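The values are calculated or read from the model by the stated rules, or taken from the named source; none is laboratory data. Nothing here was measured: the structure is a model prediction, and the numbers come from that model. Glycine also receives a Cβ, built like all others from the backbone with ideal geometry; neighbour counts cover every protein chain displayed.
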Amino acid sequence: MAAPNIVNVATITGKTVGAALTTSSSDIVVNSAASGKVIKLNAVYVSNVDGVNSADATVSFFNADNTTSYKLAHTITIPADATLDVLSKPIYLEEGDKLTATASANNDLEIVVSYEEIS
């Protein structure tokens, strides 16, 4: 589990993922322990697709030890039909790191993450 040197980059692959969030923590973007990659998270959006009710979002960064989490957004209330822009600047996931998310109500929130796999 290391941080690959990105000075001599061979490939940069742009990707986007989306998911409906539930009350159970979901892995959204995972950089596996021996991937040989760095993942650059460019944008993280959480949208409330419920037309009536607010819902809370929690988005977390997990260190490679997979036991320590740091909140990027912690129980932020997102009003009905609104969107939360979680990142103001890009962050990197080293090998073994991951991004997870949870909602206060099943299927009221959706997350979209735009990122680059760098190797």
Exercise for review: Would you confirm whether any residue within segment 49-61 is more than 19 Å from Val30 (Cα to Cα) and at pLDDT below 95?
Suggested key: yes
Check your understanding: Can you name the condition, by its number, that Glu95 falls short on among (1) at pLDDT 95 or above; (2) acidic (Asp, Glu); (3) outside any strand (DSSP E or B); (4) within 22 Å of Thr13 (Cβ to Cβ)?
Key -> (1)
Practice item. Write out, first by first residue and then by second, each pair whose Cβ atoms fall under 8 Å of each other, whose residues are 6+ apart or on separate chains, and whose first residue, in segment 45-71, is in a strand (DSSP E or B) while the second is buried (at least 17 other Cβ atoms within 10 Å of the Cβ) and of a type in the set (Asp, Glu). Key: Val46/Glu110; Ser47/Glu110; Asn48/Asp108; Ala55/Asp108; Phe61/Asp97; Phe62/Asp97
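For segment 59-100, name all the residues that are under 12 Å from Ser47 (Cα atoms) and in contact with a Leu (Cβ under 8 Å, 6 or more places away or on another chain). Give the steps one after another, and end with the answer.
Our first condition is that a residue be under 12 Å from Ser47 (Cα atoms); within segment 59-100, this holds for 76-86.
Of everything in segment 59-100, those that are under 12 Å from Ser47 (Cα atoms) and in contact with a Leu (Cβ under 8 Å, 6 or more places away or on another chain) turn out to be Ile76, Ile78, Val86.
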Practice item. Under 8 Å between Cβ atoms, at least 6 apart or on separate chains: pull out the pairs that start in segment 1-29 with a residue that is under 13 Å from Ala57 (Cα atoms) and touching a residue at least 60 places away in the same chain (Cβ under 8 Å) and end on any residue that is in a loop (DSSP other than H, G, I, E, B) and of a type in the set (Gly, Ala, Ser). Key: Thr23/Ser104; Thr23/Ala105
Check your understanding: Would you pick out the residues in segment 19-59 that are of a type in the set (Val, Ile, Thr) and closer than 12 Å to Gly96 by Cα?
Key -> Val29, Val30, Val38, Ile39
**Study point:** Residues that are outside any strand (DSSP E or B) and not aliphatic (A, V, I, L, M), drawn from segment 72-88
**Key:** Pro79, Asp81, Ser88
Check your understanding: Does segment 30-44 contain any residue that is among the hydroxyl-bearing types (Ser, Thr, Tyr) and either in contact with a helix residue (DSSP H, G or I) (Cβ under 9 Å, 6 or more places away or on another chain) or assigned to a strand (DSSP E or B) (or both)?
Key -> no
